[in-house]
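**Student:** Before we start, here is the structure in question, set down as structure tokens.
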Amino acid sequence: MTTLERTVRRKTRWTYAVLYSGESRAIVVSLEPGDVISFRELGRRASWSLPIDRMFRQAVRESAQAVRREKRARQRPG
């Protein structure tokens, strides 16, 4: 692994309608020094940043919730 010393930016392959209904844009994701991840819509200036550990924790929680939902769905009678 290499240590993150400079910001690395990548654009998503597809577009997403996240902020404004009906208008899809690609999302720019940045990995920044200090273990921060940032998101913004392509062509817009507003960005949102979070520490990577919070993003990881949220991903684990959502995965666990999905597993619980599947388990409950299988247990429900028919």
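The values are calculated or read from the model by the stated rules, or taken from the named source; none is laboratory data. Treat the numbers as computed from the prediction; the structure is a model and nothing was measured. Backbone-built Cβ (ideal geometry, glycine too); neighbour counts: all protein chains shown.
**Student:** For segment 38-61, indicate whether the set of residues that are among the hydrophobic types (A, V, I, L, M, F, W, C), surrounded by 11 or more Cβ atoms within 10 Å (Cβ to Cβ) and touching a Pro at 6+ places or on another chain (Cβ under 9 Å) is non-empty.
**Tutor:** Looking through segment 38-61, none of the residues is among the hydrophobic types (A, V, I, L, M, F, W, C), surrounded by 11 or more Cβ atoms within 10 Å (Cβ to Cβ) and touching a Pro at 6+ places or on another chain (Cβ under 9 Å).
**Student:** Residue by residue through segment 19-35, note down the ones that are in a loop (DSSP other than H, G, I, E, B) and either under 30 Å from Thr2 (Cα atoms) or in contact (Cβ under 8 Å) with a residue 40 or more places away in the chain (or both).
**Tutor:** Matches in segment 19-35: Ala26, Pro33, Gly34, Asp35.
**Student:** Looking at (1) loosely packed, with under 10 Cβ neighbours inside 10 Å; (2) acidic (Asp, Glu); (3) in contact with a helix residue (DSSP H, G or I) (Cβ under 8 Å, 6 or more places away or on another chain), which is the one condition that is false for Asp35?
**Tutor:** The number of the failed condition is (1).
**Student:** A further question follows. What pairs can you find where one residue is in segment 55-78 and under 30 Å from Glu32 (Cβ atoms) and without any contact (Cβ under 8 Å) to a residue 24 or more places away in the chain, the other is part of a helix (DSSP H, G or I) and hydrophobic (A, V, I, L, M, F, W, C), and their Cβ atoms are less than 8 Å apart, with a gap of 6+ or different chains?
**Tutor:** Cβ pairs passing all conditions: none.
**Student:** Give segment 31-49 a look and list any residue that's under 14 Å from the mean Cα position of the chain (by Cα) and within 17 Å of Ala59 (Cβ to Cβ), or say none.
**Tutor:** Leu31, Val36, Ile37, Ser38, Phe39, Trp48, Ser49, listed by residue number.
**Student:** Of the conditions (1) farther than 19 Å from Asp53 by Cα; (2) loosely packed, with under 14 Cβ neighbours inside 10 Å, Arg6 fails just one. Which one is it?
**Tutor:** Of the numbered conditions (1) farther than 19 Å from Asp53 by Cα; (2) loosely packed, with under 14 Cβ neighbours inside 10 Å, the odd one out for Arg6 is (1).
Residues are listed down the side, and each one gets a yes or a no for (1) in a strand (DSSP E or B); (2) under 20 Å from Val18 (Cβ atoms); (3) at pLDDT below 95:
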position: Ile37; (1), (2), (3): yes, yes, no
position: Arg40; (1), (2), (3): yes, yes, no
position: Trp48; (1), (2), (3): yes, yes, no
position: Asp53; (1), (2), (3): no, no, no
position: Gln58; (1), (2), (3): no, yes, no
position: Glu62; (1), (2), (3): no, yes, no
position: Lys71; (1), (2), (3): no, no, yes
position: Arg74; (1), (2), (3): no, no, yes
